[in-house]
Amino acid sequence: MNTVLRREEKYPMHHIESLVYANKFQQLLNLDSYSVDGTYTVRSLYFDNINDDDFFDKIDEQELRRKIRLRIYNPNDKTAKLEIKQKEGIFQKKRSLNISREDAIELIKGNNSILLKYNNDFANEVYGIMTMEYYKPKTIIEYKRKAFMAKENEIRLTFDSLIRATESSFDLFDENLLLNPIADENYVVFEVKYNRFMLSYISDIISDIDRRSISSSKYCMGRSIGYPLYL
């Protein structure tokens, strides 16, 4: 299991503006390990319980909230990341475990018991939550990401664009999955993720962004069919 505790700030940008900032960071930082030709695809399937509590906790900006998801980077991936992302005050805590493609498919079908074979405290916790609270797949979100890293403080700077989603199919590994745009094609979410403190040379660049950080959730954006009045 991998655990990350960090702060996150999000800023909306126009595509042209994102290119300007990405060019600045490219002079100083390395692309992250997933990058192919500068970008890569992120596809996540989000689960929620029968009352959609995770959705409404985000909408209501509850101090303590969580999201449970499966994440892949290519439909041909042999594994998927099972993740719980929890908001705890100003920090985001993300725990993850790689599970096999076959087990991810079983989990999507509702066979939560496959998690027990991992003999892992995190897998057991997810099994308990999903079973007792009747978690089911709710939406798949996909987007293009350009990401930079500063190893000195595990800082990640990401630009997410071409955000698409579906609430009608939960086939995470479908190469031809039909996805619908849920944001303007020029809309980009710039995220700053860091542990403990921000490095000054990065902070100086970010300080030029003339707007406040937003509380944005791609999961909530993806529920546009089920809850259009909240978006």
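Could you tell me which of the pairs Lys94/Lys144; Lys58/Lys78; Lys117/Lys144 are separated by over 26 angstrom between their Cα atoms in the structure shown?
Violating the 26 Å limit, Cα to Cα: Lys58/Lys78; Lys117/Lys144.
Please give the per residue accessible area of segment 142-209, computed with a probe of 1.4 Å over protein heavy atoms only, in Å². Show your work: numbers first, answer last.
Numbers: 3280 Å² over 68 residues.
With the other protein chains kept in place, segment 142-209 gives 48 Å² per residue.
Could you give the radius of gyration (one decimal) and Dmax (whole number) of the Cα atoms in segment 1-127, in Å?
Cα only, segment 1-127: 17.0, 48 Å (Rg, Dmax).
Quick one: length gained pulling Glu185 to Lys151 fully straight, 0.36 nm per residue minus the C-alpha distance? Numbers along the way, then the final one.
Working: separation 34, 0.36 × 34 = 12.24 nm, distance 3.11 nm.
Computed gain between Glu185 and Lys151 is 9.1 nm.
Provide the gained length on full extension for the span Asp60 to Lys10, in nm with one decimal, where the gain is 0.36 nm per separating residue minus the Cα-Cα distance.
Gain on stretching Asp60 to Lys10: 16.2 nm.
So for segment 45-155, taking the charge dipole from beta-carbon charges (+1 Lys/Arg, -1 Asp/Glu), which of Ile99, Ala150, Tyr134 sits furthest toward the positive end?
Of the options given, the answer is Ala150.
For segment 2-53, which whole percent of the accessible surface, found with a 1.4 angstrom probe, sits on carbon and sulfur atoms?
Of all accessible area on segment 2-53, carbon and sulfur atoms account for 49 percent.
Calculate what fraction, in whole %, of the accessible area of segment 171-216 sits on carbon and sulfur atoms when a 1.4 Å probe is rolled over the protein chains. Could you put the intermediate results ahead of the total?
Details: 1170 of 2740 Å².
Accessible surface attributable to carbon and sulfur in segment 171-216 totals 43 percent.
Dipole of the chain, Cα-centred, from +1 at each Lys and Arg C-beta and -1 at each Asp and Glu C-beta, to the nearest 20 debye?
On the way: 35 positive and 36 negative charges, 81 e Å.
Rounded to the nearest 20 debye, it is 380 debye.
Kindly sort Arg196, Arg164 by accessible area of their heavy atoms, largest first, with the probe set to 1.4 Å.
Details: Arg196 175, Arg164 85 Å².
From most exposed to least exposed: Arg196, Arg164.
Treat every Asp and Glu Cβ in segment 3-98 as -1 and every Lys and Arg Cβ as +1, leave all other atoms uncharged, and give the resulting dipole magnitude about the Cα centre to the nearest 20 debye. Before the final figure, lay out the partial values.
Numbers: 18 positive and 16 negative charges, 84 e Å.
It comes to approximately 400 debye.
Once you order the gyration tensor axes a ≥ b ≥ c over the Cα atoms, which shape class does segment 110-166 get: rounded for a/c under 1.5, otherwise prolate or oblate by comparing a/b with b/c?
oblate
Using a 10 Å cut-off on Cβ atoms, rank the peptides 142-150, 126-134, 184-192 from the highest mean neighbour count down.
142-150, 184-192, 126-134
Just grab the label-to-label distance for Thr3 and Ser168, each label 7 Å out from Cα along the Cβ direction, in nm (one decimal).
About 4.2 nm separates the two model spin labels.
For Glu125 and Ser33, compute 0.36 nm times the residue count separating them, minus their Cα-Cα distance, and round to one decimal in nm.
Values: separation 92, 0.36 × 92 = 33.12 nm, distance 2.90 nm.
Length gained, Glu125 through Ser33: 30.2 nm.
The values are calculated or read from the model by the stated rules, or taken from the named source; none is laboratory data. These numbers were taken from a predicted model, which means no experiment stands behind them. Don't worry about glycine lacking a Cβ; one is built from the backbone with ideal geometry, like all the others, and counts go over all protein chains shown. For the accessible areas, the whole protein counts, side chains as well, though only heavy atoms, and no ligand, DNA or RNA atoms are used. Shrake-Rupley method; radii C 1.70, N 1.55, O 1.52, S 1.80 Å.
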